[in-house]
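Novice: Before I ask anything, here is the structure I am working with.
The values are calculated or read from the model by the stated rules, or taken from the named source; none is laboratory data. Predicted model, so just to flag it, every value in this text is computed and none were measured. Cβ atoms come from the backbone with ideal geometry, glycine included; neighbour counts cover every protein chain shown. The protein model used for the area step is the full one, side chains on, heavy atoms only, and it has no ligands, DNA or RNA in it. Shrake-Rupley method; radii C 1.70, N 1.55, O 1.52, S 1.80 Å.
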Amino acid sequence: KPPSGSMEGKNYLDVQIMFREAGFTNIQLEAVDDLIVGWLHDEGDVKEVSIGGNTNYSSCKWYSTNTPVIIRYHVFPKDSANNNQNGGNPNTGSGNAGNGNNETQDEILTVDNCPELAFILSLKPTYHQSYIDSAQKYKGRTIQFDGCIVYLSLHEKYTTRYDILLSAGNYDPDSGIGPIFHFENVNAYNLDLDTLWLEDEIWVGRNVIITATVDEFDTRSELFYLDPISVVGR
């Protein structure tokens, strides 16, 4: 496990990855809105980490993998964040939009402006608490990312409506990254495609640019539900 005190000042998402790779499964993120203009910290820098409630934990001590790990990180208060957009701290620009304080609600979230989206799209395609957290935090927000079609079938007895599974990155039948995204009961129009038959434009294995709104992560099916806006071949 990373030693106590060594995480201060690192980006909280990087620290989360470190603890995940160390085997911890109960990791919580807490934003602390204590930043002021002129501090040496950037938004998203870790303030402190605790394991089982102890911030002075020993890196030599054994901990159960389900021991609570809390990562607290610095953010600007909402009023300060708004001021920074109008000429404040130059270190807190759009690159930190994923922390939920600087972005406008109609901004499209991408891996470039939302660290949390970049994080979940970098994981192995298995159940992960971050999928739930991101779905809850960004429900109704628009996201856009490079992905691929991994499954396509007609929805029930319809002939022009489909169920689609998608993954991040380029298509690889033997591996994938990030959660499995799901479009349920959609047609070509829902994907902004100028065709009646979806198979004319979309097929399993095609790499695409996905634009959609966040719905929910279903822990039973382990599918990340999205409402499509457009799917464009790339």
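Novice: Look through the range 115-146, keep the residues that are β-branched (Val, Ile, Thr), out of contact with any Ser or Thr (no Cβ under 6 Å at 6 or more places or on another chain) and farther than 12 Å from Ile177 by Cα, and return whichever of them is surrounded by the most Cβ atoms within 10 Å (Cβ to Cβ).
Specialist: Residues of the range 115-146 β-branched (Val, Ile, Thr): 120, 126, 132, 142-143.
With the extra rule that they be out of contact with any Ser or Thr (no Cβ under 6 Å at 6 or more places or on another chain), the set shrinks to 126, 132, 143.
Filter once more, keeping what is farther than 12 Å from Ile177 by Cα: 132, 143.
On the way: Ile132: 15, Ile143: 21.
Per the criteria, the residue is Ile143.
Novice: Which of the following residues is modelled with pLDDT under 90, over 12 Å from the mean Cα position of the chain (by Cα) and small (Gly, Ala, Ser): Gly169, Gly176, Gly147, Gly140? Break it down stepwise before answering.
Specialist: On the way: Gly169 fails: modelled with pLDDT under 90; Gly147 fails: modelled with pLDDT under 90; Gly140 fails: modelled with pLDDT under 90.
Answer to the selection: Gly176.
Novice: Working only within the range 166-190, note down all residues that are under 16 Å from Asp146 (Cβ atoms) and among the aliphatic types (A, V, I, L, M).
Specialist: Leu166, Ala168, Ile177, Ile180, listed by residue number.
Novice: Next question. For Leu166, are the conditions met, namely being in contact with an Asp or Glu (Cβ under 9 Å, 6 or more places away or on another chain), surrounded by 15 or more Cβ atoms within 10 Å (Cβ to Cβ) and in contact (Cβ under 8 Å) with a residue 40 or more places away in the chain? Break it down into steps so the answer makes sense when it comes.
Specialist: Numbers: in contact with an Asp or Glu (Cβ under 9 Å, 6 or more places away or on another chain): no; surrounded by 15 or more Cβ atoms within 10 Å (Cβ to Cβ): yes; in contact (Cβ under 8 Å) with a residue 40 or more places away in the chain: yes.
Answer is no for this residue.
Novice: Further, regarding this structure: Suppose the filter is under 27 Å from Tyr127 (Cα atoms), modelled with pLDDT of 65 or more and buried (at least 16 other Cβ atoms within 10 Å of the Cβ); does Val75 pass it?
Specialist: Numbers: under 27 Å from Tyr127 (Cα atoms): no; modelled with pLDDT of 65 or more: yes; buried (at least 16 other Cβ atoms within 10 Å of the Cβ): yes.
In short, no.
Novice: For the range 171-200, how many residues meet the condition of being assigned to a loop (DSSP other than H, G, I, E, B), out of contact with any Cys (no Cβ under 6 Å at 6 or more places or on another chain) and either open to solvent by 70 Å² or more (accessible area, probe 1.4 Å) or of a type in the set (Gly, Ala, Ser) (or both)?
Specialist: Quick first cut of the range 171-200, residues assigned to a loop (DSSP other than H, G, I, E, B) only: 171-176, 187-188, 192-197.
Remaining after also requiring out of contact with any Cys (no Cβ under 6 Å at 6 or more places or on another chain): 172-176, 187-188, 192-197.
Checking the rest, the ones that are also either open to solvent by 70 Å² or more (accessible area, probe 1.4 Å) or of a type in the set (Gly, Ala, Ser) (or both) come to 173-176, 188, 192, 194, 196-197.
Number of matching residues: 9.
Novice: Let me ask something additional. Any chance you could count how many residues in the range 205-231 are open to solvent by 70 Å² or more (accessible area, probe 1.4 Å), on the phi < 0 side of the Ramachandran plot and out of contact with any Asp or Glu (no Cβ under 8 Å at 6 or more places or on another chain)? Before you say what the answer is, go through the steps one by one.
Specialist: Taking the range 205-231 as the starting set, the residues that turn out to be open to solvent by 70 Å² or more (accessible area, probe 1.4 Å) are 216, 219-220, 222, 227, 229.
Then drop every residue that is not on the phi < 0 side of the Ramachandran plot, which leaves 216, 219-220, 227, 229.
Pick out the ones that are also out of contact with any Asp or Glu (no Cβ under 8 Å at 6 or more places or on another chain) and you get 216, 219-220.
Qualifying residue count for the region: 3.
Novice: Among the residues of the range 159-170, write down those that are outside any strand (DSSP E or B) and in contact with a strand residue (DSSP E or B) (Cβ under 8 Å, 6 or more places away or on another chain).
Specialist: Taking the range 159-170 as the starting set, the residues that turn out to be outside any strand (DSSP E or B) are 159-161, 169-170.
Passing the criteria: Arg161, Gly169, Asn170.
Novice: Which residue, of Asn86, Asn11, Asn54, is modelled with pLDDT of 85 or more and open to solvent by 40 Å² or more (accessible area, probe 1.4 Å)? Outline the logic, then answer.
Specialist: Details: Asn86 fails: modelled with pLDDT of 85 or more; Asn11 fails: modelled with pLDDT of 85 or more.
Among Asn86, Asn11, Asn54, only Asn54 is modelled with pLDDT of 85 or more and open to solvent by 40 Å² or more (accessible area, probe 1.4 Å).
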